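See below for the structure under consideration.
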Amino acid sequence: MALQRDEVVRTALRLLNQEGIDGLTTRRLARELGVQSPALYWHFKSKRELLDLMAEAMLAEALPPDREPDPAHWPEWIAADARAKRSALLAYRDGARVHAGTLPTEDELPAVEAQLSALCGAGLRPRTALRLLLTVDRYIMGWVTEEQAWRQDAADRDRPPFPDEALRELPLLREAVDVLRMTDHDADFEYGLRVLIEGFRAEIAREAGNSRAASEGSPAPGPGSGGRSADGSLGSVE
């Protein structure tokens, strides 16, 4: 029976959980599928393309391509997507390392276009909207990479990190040591995500001000002119 692309990707994901990304070679994958390595290249041109397909499959259930972003509530769906992506990547060994450096497949591009359309409807220009998506995406990748490494290395540590005695003469670090020890991954992730989204709220306000100034022929407001969103609110994402 002919090898199917979905079968290759599913097997690669299973091997990823068993071997980690460093043990996932095309030779090992071909042996698991019972074929010769060249047979795999009917379905992807390189290991990089295979990783792109694996990343797409990881996120397929968490981020269905037919979801409809709402311009009026863009902070909520940006945050919800970020949480879903983090959970999806944490579900796989080295999930963030697989996703890092991937490009959207052709099947994913309509979903990206829909997100850009919603963000532009909220007041961003296309380039700024895409930068928002990339900034949040790279925050997730960096966060999950560190979180997975921290969790995987925890068993190898012979004592808790940053013991109290090491902080006796460091009062500021002692006060914030729970953050340094990453005792609450969820809370720390949410904090960073909220700060990112609030920054782009301010960017929406700035771009809206620039557009009004251009249409009226008056000077654009400077970067210190306030961080209100296009509707004048200062709401936050919790």
Where chymotrypsin sites (Phe, Trp or Tyr not before Pro) in DSSP loops with at most 15 other Cβ within 10 Å are excluded, longest remaining stretch of the chain
43-238
For segment 1-65, what is one quarter of the convex hull surface built on the Cα atoms, given in nm²?
4.6
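Apply the a/c threshold of 1.5 to the C-alpha gyration tensor of segment 40-162 and tell me whether it is rounded, prolate or oblate. Write down the numbers at each step before the final one.
Details: a/c = 2.43, a/b = 1.35, b/c = 1.79.
Taking the square roots of the gyration eigenvalues as a ≥ b ≥ c, segment 40-162 is oblate.
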Tell me the net charge near Leu59. Cut-off is 9 Å between Cβ atoms, Leu59 excluded, with +1 for each Lys or Arg and -1 for each Asp or Glu.
-2
For Ala214 and Ala149, FRET efficiency with R0 = 41 Å and r from the beta-carbon atoms, rounded to 0.05?
0.30
Roughly how big is the chain's charge dipole about its Cα centre, with Cβ charges of +1 (Lys, Arg) and -1 (Asp, Glu), in debye to the nearest 20?
660
In a Gaussian network model of the chain with springs linking alpha carbons closer than 10 Å, the residue among Thr183, Thr135, Thr105 that fluctuates most is Thr183
Segment 8-93 - charge dipole about Cα centre, Lys and Arg +1 at Cβ, Asp and Glu -1, debye rounded to 20:
580
Under a point spin-label approximation (7 Å from Cα along Cα-to-Cβ), what is the Ser37-Ala202 distance to one decimal in nm?
5.1
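If segment 75-131 were replaced by its equivalent ellipsoid, with semi-axes equal to the square roots of 5 times the Cα gyration tensor eigenvalues, what would those be, largest first, whole Å?
Numbers: eigenvalues 113, 40, 18 Å².
Computed over segment 75-131, the values are 24, 14, 9 Å.
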Counting only heavy atoms of protein chains, what accessible area per residue, in Å², does segment 17-67 have with a probe of 1.4 Å?
59
GNM on the chain, Cα springs under 10 Å; top mean-square fluctuation among Asp186, Asp94, Asp52 goes to Asp186
P(r) over all Cα-Cα pairs of the chain, 10 Å bins from 0 to the longest distance, whole percent per bin, short to long, reads 7, 25, 26, 22, 14, 5, 1
Among Leu130, Phe162, His185, the residue whose Cα sits farthest towards the positive end of the charge dipole of the chain, when +1 is placed on the Cβ of each Lys and Arg and -1 on the Cβ of each Asp and Glu, is Leu130
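Please report, in debye to the nearest 20, how large the charge dipole of segment 52-178 is about its Cα centre when each Lys and Arg carries +1 at its beta carbon and each Asp and Glu carries -1 there. Before the final figure, lay out the partial values.
Working: 15 positive and 24 negative charges, 68 e Å.
That gives a dipole near 320 debye.
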Among Leu51, Leu33, Trp77, the residue whose Cα sits farthest towards the positive end of the charge dipole of segment 28-122 (+1 at Cβ of Lys and Arg, -1 at Cβ of Asp and Glu, taken about the Cα centre) is Leu33
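Could you calculate the contour length gain from Asp164 to Ala114, that is, 0.36 nm times the residue separation minus the distance between their Cα atoms, to one decimal place in nm?
Numbers: separation 50, 0.36 × 50 = 18.00 nm, distance 4.96 nm.
Fully extending the segment from Asp164 to Ala114 adds 13.0 nm.
On the accessible surface of segment 1-104, probed at 1.4 Å, how many percent belong to carbon and sulfur atoms?
Working: 2910 of 5720 Å².
The computed percentage sits at 51.
Hey, what number do you get for the chain at 222 nm if only DSSP H runs of n ≥ 4 count, each worth -39500 (n - 2.57), divided across all residues, to the nearest 500? Working shown, then result.
On the way: 11 runs with 146 residues, N = 238.
About -19500 deg cm²/dmol.
The values are calculated or read from the model by the stated rules, or taken from the named source; none is laboratory data. In this text the structure is predicted, and so the values were computed from the model without any measurement. Neighbour counts run over all protein chains shown; Cβ positions are idealised from the backbone, glycine included. The area values use the complete protein model at the heavy-atom level, side chains included, leaving out ligands, DNA and RNA. Shrake-Rupley method; radii C 1.70, N 1.55, O 1.52, S 1.80 Å.
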